[in-house]
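Remarks on the structure that follows.
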Amino acid sequence: MRKNSIIISLVFCVLFLGGIQAQTTKRASIPLEHGAHRIGPRTDAEMQKWRDYGLGQFIHWGVYAIPGGHWNGEVYRGAAEWIRSWSKMPKPDYDNLYKQFNPKNFDAKQWAKQAKDMGVKYMIITTKHHDGFCLWPSKYTGYTIANTPYKKDIIKELVDAYNAEGIDVTLYFSIIDWNHKGYRSSPPKTDEEKASYEEFKQFTRNQLIELLQNYPTAIGLWFDGTWDQAWIQQAAWVDELETELRAMHPGLIIGSRFRADDNGKRHYDSNGDLLGDYDQTWERSMPETLEELNGVDWDCVMTIPENQWGYHSDWSLSYVKKPFELIEMIVKAASLNGNFVLNFGPDGNGNIRPEETQIAKEIGAWMKVNGEAIYGCRHSAWEKQGWGYYTQRAAVETGAPSLQYLTVFNQPLNNQVRVKVPKCQDNNKVVIVEKAYFLADKTPLTVKSAGRDKYGNVYYDINSPAPLTTSPYVIVLETKEVNKDEKDNYQQAIT
Ligand code: JFZ
């Protein structure tokens, strides 16, 4: 009996402690040699700067811009930069396109100026896409800009021009390389295949080192085409390469789409920890809630038509997003701690198409007035309401009034923008709204108490007639935590 009860207590203890452990860690703890190098977000200045960017520009440019989604009078309905993989595109025709690449209208300074006016803080450029064509004069292959009639180093022109406008540059690099004879998607089996894949790996390493050496101001590498089994099985080697690249370039920012872990898991390792510095899985999609995001940094790269990155001359094939839809994505990303990156696909002559220029202008005009609600802003604890999104400045501890930005996309028909006040940690305190005004012109807005619900949540109505524009707009709230007994005095002053 006694013995039994000891055993029962022991079993109970083990179960109980196990339960606590599971609760506090939540993570699995599978031993990994090539798992995440760090648990939790980076805290250094470079990453903090990245976090504050809010808005980025992606540029897909390469020889695919010449056919622009067409060959021999036929239309390729897929993504224009993939045209080489189309059965109607003879491979030799594609592989000789570089001999015509001569973008006579290309003006890096003009692109950079346009990006600056749009409010972009960083730019991602395709140094090499899946076709293997290099926009920089790589010494490891002849398939580069140096052997086109254009000759000049386009990556250098862009890095210099964007940096001169104060815009940081990230280098996109595709691991898939259809031009290199050693590249393959399935793991090599024979000795010959293995030797040739080794050559490809060395070539990839050489090119990455070359890029970091040539463009030392680049802030990061944006990897693509890492889903092949051949690459996934190189986890140990890629891990070593990542370590080497980071050592070469302190502060370098690399997303989750570079290496897999020991078990072939990508983006998140077998224990659920992020591989790399930010989550790259939000491609052409947006999260809805903070809970989906695991507390990690993330970017969302987005096309203007449905799925066109490189230049496709026919945009009538899919829905083309409107500027305000894109602005909503910018705000939504900021409200969920992410960066929004809008893609541009310049044509074969180096022109940014008029539709993209128009969108850049409209976004820029909006960001100029309302960017304060985006740059350096983070998720707000205030509960999202139907009219739009909250953001708040990262530094709320400065002693300045705590600001909430309300970006209104759906104007309430009664012109009352209702907010639900969060509860304070300290039960003796309440949050009050001291002041409300339009961000654009500082017009003060009336704040009225709007009662409470049966759970004790407190509401306010901001009387906000839609401004005389058709665009989304921002209301700023100055808020404060006060002792419950002081609240009535404040309330009277406001109403
Ligand atoms: C890749 C490329 O194939 C494409 O051409 C473009 O460069 C884009 C930015 O990246 O396409 C992807 C990559 C990942 C996903 C979807 C398309 N994904 O994870 O869903």
Residues (in contact (Cβ under 8 Å) with a residue 24 or more places away in the chain and of a type in the set (Asp, Glu)) located in the stretch 182-212: Glu210
Scope the stretch 130-181; condition out of contact with any Asp or Glu (no Cβ under 9 Å at 6 or more places or on another chain), small (Gly, Ala, Ser) and under 21 Å from Asn102 (Cβ atoms); matching residues: Gly142
Given (1) within 16 Å of the ligand (Cβ to nearest atom); (2) open to solvent by less than 10 Å² (accessible area, probe 1.4 Å), index of the condition Trp178 fails: (2)
Test: residue in the stretch 233-241 that is small (Gly, Ala, Ser) and open to solvent by 20 Å² or more (accessible area, probe 1.4 Å): yes
Pro305 vs. criteria over 30 Å from Glu481 (Cα atoms), modelled with pLDDT of 95 or more and out of contact with any strand residue (DSSP E or B) (no Cβ under 8 Å at 6 or more places or on another chain): yes
Output for the stretch 216-241, where each listed residue is farther than 18 Å from Ser185 by Cα and away from the ligand (no atom under 16 Å from the Cβ): Pro216, Thr217, Ala218, Ile219, Asp239, Glu240, Leu241
Answer residue from the stretch 86-113, given it is part of a helix (DSSP H, G or I), in contact with an Asp or Glu (Cβ under 9 Å, 6 or more places away or on another chain) and not hydrophobic (A, V, I, L, M, F, W, C) and is nearest to the ligand (Cβ to nearest atom) among those: Tyr94
Selected residue (criterion: surrounded by the most Cβ atoms within 10 Å (Cβ to Cβ)) from residues of the stretch 260-285 that are among the charged types (D, E, K, R) and within 15 Å of the ligand (Cβ to nearest atom): Asp279
Subset of the stretch 286-320 that is under 18 Å from His267 (Cβ atoms) and β-branched (Val, Ile, Thr) - its residue that is surrounded by the most Cβ atoms within 10 Å (Cβ to Cβ): Val301
Counted residues, the stretch 50-83 - those being part of a loop (DSSP other than H, G, I, E, B) and either of a type outside the set (Val, Ile, Thr) or buried (at least 24 other Cβ atoms within 10 Å of the Cβ) (or both): 14
Glu192 surrounded by fewer than 17 Cβ atoms within 10 Å (Cβ to Cβ) and more than 16 Å from the ligand (Cβ to nearest atom): yes
Residues located in the stretch 213-232, provided they are out of contact with any strand residue (DSSP E or B) (no Cβ under 9 Å at 6 or more places or on another chain), without any contact (Cβ under 8 Å) to a residue 60 or more places away in the chain and open to solvent by 30 Å² or more (accessible area, probe 1.4 Å): Gln213, Pro216, Trp227, Gln229
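The values are calculated or read from the model by the stated rules, or taken from the named source; none is laboratory data. Model, not experiment: these values are computed from the prediction. Heads up, the Cβs are rebuilt from the backbone with ideal geometry, glycines too, and the neighbour counts pull from every protein chain shown. Only protein heavy atoms, including side chains, enter the accessible area calculation; ligands, DNA and RNA are left aside. Shrake-Rupley method; radii C 1.70, N 1.55, O 1.52, S 1.80 Å.
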